[in-house]
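Scroll down for the structure; my scribbles are underneath it.
The values are calculated or read from the model by the stated rules, or taken from the named source; none is laboratory data. Quick caveat, the model's predicted, so the values are computed rather than measured. Glycine also receives a Cβ, built like all others from the backbone with ideal geometry; neighbour counts cover every protein chain displayed.
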Amino acid sequence: MKGRSTATGRDAIVAMLGAGAAPAEPRRTRSGAKFFQRHFVTDPVFDSITPERIGTRAYFVVFGPDGADHWGRYRDAFVPVGDRWLLAHRLVAVDTTAPGSFLAARWSQ
């Protein structure tokens with residue numbers, strides 16, 4: 001489903017996070033100028049805490065050269081591994097995209 005993706009396990013999470021992180025070609029505006037996207041994430045809210053699992057949620061917004069491009073929510077699960085808590089599962093839900101959004105254009109391909 002467009003706007004919603006899930007990754008479970010280290011390899012799947014790394015692949016999902018890396019998919020949009022390093023495009024083969026620099027991103028460019030319609031006029032051809034290079035640009036950076038800025039990704040802002042709110043502080044996480046802890047929904048559940050047990051000795052075996054921590055569940056959190058956070059909101060995000062991505063800005064491009066024309067302002068807000070798309071925004072949505074993360075729902076994450078962390079599990080203990082040794083003396084650390086590691087990301088075990090991430091659900092990304094894109095709530096909407098702006099008209100002319102770079103993400104919407106990528107989805108239409």
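Among the residues of the stretch 28-72, count how many are exposed (fewer than 12 other Cβ atoms within 10 Å of the Cβ), assigned to a loop (DSSP other than H, G, I, E, B) and either at positive phi or aromatic (F, W, Y) (or both). Total satisfying the criteria: 2. Applying the set (1) surrounded by fewer than 14 Cβ atoms within 10 Å (Cβ to Cβ); (2) modelled with pLDDT under 85 to A104 leaves exactly one unmet item: (1).
Kindly indicate whether any position in the stretch 20-37 is within 18 Å of A105 (Cα to Cα) and modelled with pLDDT of 85 or more.
Initial filter on the stretch 20-37 (within 18 Å of A105 (Cα to Cα)): 20-37.
Checking the rest, the ones that are also modelled with pLDDT of 85 or more come to none.
No.
Please tell me if V94 is under 12 Å from the mean Cα position of the chain (by Cα), within 15 Å of M16 (Cβ to Cβ), among the β-branched types (V, I, T) and surrounded by 15 or more Cβ atoms within 10 Å (Cβ to Cβ). Walk me through how you get there before you give the answer.
Values: under 12 Å from the mean Cα position of the chain (by Cα): yes; within 15 Å of M16 (Cβ to Cβ): yes; among the β-branched types (V, I, T): yes; surrounded by 15 or more Cβ atoms within 10 Å (Cβ to Cβ): yes.
Yes.
The requirement of being closer than 20 Å to I13 by Cβ, touching a strand residue (DSSP E or B) at 6+ places or on another chain (Cβ under 7 Å) and of a type outside the set (A, V, I, L, M, F, W, C) is satisfied by T56.
Only residues that are surrounded by 12 or more Cβ atoms within 10 Å (Cβ to Cβ) and at pLDDT 80 or above were counted across the stretch 1-16, and they come to 2.
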